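Please read the structure below before turning to the comments.
The values are calculated or read from the model by the stated rules, or taken from the named source; none is laboratory data. Computed from a predicted model, the values in this text were never measured in an experiment. Here Cβ is always computed from backbone atoms with ideal geometry, including for glycine, and neighbour counts include all displayed protein chains.
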Amino acid sequence: MRLSSPSLPWTLIVALLMGTALGAVLDPLRDWLLELYDGAHPVIVTQSRIVSRDPGRIVVAIRGEKLRNCHFIPPAVGDGIVPGEPGRDLRITRLDKPISGVNRRTGPIAEQTWELLDIEGVSKAIIFVSYDCGGRYVTNKFVEVAL
């Protein structure tokens, strides 16, 4: 008994449909796995302490360690958490020196001083930084300060 093979046009159509379906499944799966990896292996880990606090303003000293060889993408972004409200943009400024965008090697990070403004009513302030990690855009929590 001889099996007949499907005609070429139908084979191409089926192959295209399968490729499209596979791509629709594999792309989100890849993104999800990379997010898990980035969460388990952050670019940078830090510790912070509040240096001074005034109404509407805090100054925070931050030190830490860069763990992955990714390139910093300025600017850093501040986000304030207000209970019962959406996040609030915070104005942030590095006080000890301007943000240069120069890539640092992995290893310890010298202490930096940051000012966070517009913190009235905020229960938690977070600074996020972004990196280019081998062509992937990765956002990392730089520091989180409970107020």
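Of note:
- Index of the failed condition, Ser130 passing every other in (1) hydroxyl-bearing (Ser, Thr, Tyr); (2) surrounded by fewer than 18 Cβ atoms within 10 Å (Cβ to Cβ); (3) touching a residue at least 40 places away in the same chain (Cβ under 8 Å); (4) closer than 30 Å to Asp27 by Cβ: (2)
- Restricting Arg68, Arg91 to those that are surrounded by 11 or more Cβ atoms within 10 Å (Cβ to Cβ) and not in a strand (DSSP E or B) reduces the list to Arg68.
- Taking segment 72-128 as the range and being within 16 Å of Ile62 (Cα to Cα) and among the polar types (S, T, N, Q) as the test, the residues that pass are Thr93, Gln112, Thr113.
- Of all residues in segment 46-83 being acidic (Asp, Glu) and touching a strand residue (DSSP E or B) at 6+ places or on another chain (Cβ under 6 Å), the one that is nearest to Thr106 (Cα to Cα): Glu65
- Filter result for Thr11 (part of a helix (DSSP H, G or I), surrounded by 11 or more Cβ atoms within 10 Å (Cβ to Cβ) and either touching a Gly at 6+ places or on another chain (Cβ under 9 Å) or not assigned by TED's automatic domain parsing to the domain that holds Ile126 (or both)): yes
- Screening Ile50 on (1) of a type in the set (A, V, I, L, M); (2) within 17 Å of Val138 (Cα to Cα); (3) at pLDDT 95 or above shows it passes everything except condition (2).
- Residue list for segment 96-116, restricted to those being at pLDDT below 95 and of a type in the set (A, V, I, L, M, F, W, C): Ile99, Val102, Ile109, Ala110
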